[in-house]
1. Any residue in the range 53-82 that is open to solvent by less than 90 Å² (accessible area, probe 1.4 Å) sitting within a Cβ distance under 6 Å of a residue that is among the hydroxyl-bearing types (Ser, Thr, Tyr)? List the pairs, counting only those 6 or more apart or interchain.
2. What do you reckon, is Glu102 loosely packed, with under 10 Cβ neighbours inside 10 Å and at pLDDT below 90?
Amino acid sequence: MTIVYISIALVVCALIYLGTSAIRTFKKAKPALQDLQETANRIQKQTEGIQTETTKLTAAQQKIMSDVEYKKQTVQTTIEIAKETPETLKGFKEFLPAKKNERFTHKVRG
């Protein structure tokens, strides 16, 4: 019977030691857990900042692409007009001698 009491006392002592060890370990781990939580919060804030910057950069990229497309169309239109210029000058040169003759004949009549 003595062995049973000693066994029960040993189990109780082991449970008490387990409880105190668990409490000490928890107290030691608490600052590390707080540091991890703070680190997680900082990472979350940085992630939100990166997402905000990504949104801004995407908007800026869209603006730039739109501006480039507008300028490209403007240049293409200018090139098309420049290509048509020789034909316009040709027509103007044909028109100019006719006007000179009219002017001279007009002065002669007047």
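The values are calculated or read from the model by the stated rules, or taken from the named source; none is laboratory data. Computed from a predicted structure; not experimentally measured. A quick note on method: Cβ atoms are made from the backbone with ideal geometry, for glycine too, and the neighbour counts reach across all protein chains shown. With ligands, DNA and RNA removed, areas are computed over all heavy atoms of the protein, side chains included. Shrake-Rupley method; radii C 1.70, N 1.55, O 1.52, S 1.80 Å.
1. If the second residue must be among the hydroxyl-bearing types (Ser, Thr, Tyr), no pairs are left.
2. no
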